[in-house]
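The values are calculated or read from the model by the stated rules, or taken from the named source; none is laboratory data. Model, not experiment: these values are computed from the prediction. Heads up, the Cβs are rebuilt from the backbone with ideal geometry, glycines too, and the neighbour counts pull from every protein chain shown.
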């Protein structure tokens with residue numbers, strides 16, 4: 001019985017020493033740990049400031065312009081293709097009959113245009129948490145991709161993107177608007 005107490009006492013003492021030793025370290029801007037970098041303010045509040053200089057992002061107008069040009073090219077290519085969005089019921093990623101009809105037409109276009117790369121975007125309405133909607137939107141995008149693959153479109157042509165509720169098509173707070181936001185959207189990558 002005494003041996004068990006000694007082992008328990010040693011284990012508790014070892015953990016206490018380890019925790020106490022780690023608590024005295026702080027992060028310096030170089031990534032190393034040193035007790036000297038703790039300020040009096042940091043010691044009293046439990047917070048520390050690594051660097052007092054603000055960090056600013058550099059504006060790159062050419063990069064922003066390039067991104068806008070890419071978005072416009074995608075929008076134009078998608079509009080020219082005439083691909084249809086697939087709409088989903090609330091809290092669902094099941095493709096309904098109308099969606100299957102749209103995807104059948106989309107698959108025909110994609111088979112004729114065999115080199116076209118496709119981004120499949122999943123979207124949700126504003127209800128629910130961002131995390132939940134992100135996962136649901138991904139399931140919607142994958143359902144669209146999988147159905148197109150069943151119709152003979154090769155899987156290596158697809159990029160899946162989940163936007164959750166972050167890019168609504170409609171901003172009204174009504175069921176008709178929510179219905180428009182619950183979609184799988186195909187985008188042609190020029």
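For the stretch 138-164, which positions are in contact (Cβ under 8 Å) with a residue 24 or more places away in the chain, assigned to a helix (DSSP H, G or I) and farther than 13 Å from residue 88 by Cβ?
Within the stretch 138-164, 145, 148, 157 qualify.
Quick check on this structure: which one of 166, 121 is under 27 Å from residue 66 (Cβ atoms), touching a helix residue (DSSP H, G or I) at 6+ places or on another chain (Cβ under 8 Å), buried (at least 19 other Cβ atoms within 10 Å of the Cβ) and assigned by TED's automatic domain parsing to the domain that holds residue 69?
Working: 166 fails: buried (at least 19 other Cβ atoms within 10 Å of the Cβ).
Of the residues listed, the single one that is under 27 Å from residue 66 (Cβ atoms), touching a helix residue (DSSP H, G or I) at 6+ places or on another chain (Cβ under 8 Å), buried (at least 19 other Cβ atoms within 10 Å of the Cβ) and assigned by TED's automatic domain parsing to the domain that holds residue 69 is 121.
For every residue, the table says whether it meets (1) under 19 Å from residue 159 (Cβ atoms); (2) in contact (Cβ under 8 Å) with a residue 24 or more places away in the chain; (3) surrounded by fewer than 11 Cβ atoms within 10 Å (Cβ to Cβ); (4) within 22 Å of the chain's Cα centre (by Cα).
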site	(1), (2), (3), (4)
64	no, no, yes, yes
70	yes, no, no, yes
81	yes, yes, no, no
87	no, yes, no, yes
94	no, yes, yes, yes
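So which residues in the stretch 99-128 are touching a residue at least 12 places away in the same chain (Cβ under 8 Å) and either part of a helix (DSSP H, G or I) or on the phi > 0 side of the Ramachandran plot (or both)?
Listed by number, the residues that qualify are 99, 100, 102, 103, 104, 105, 106, 107, 109, 110, 111, 128.
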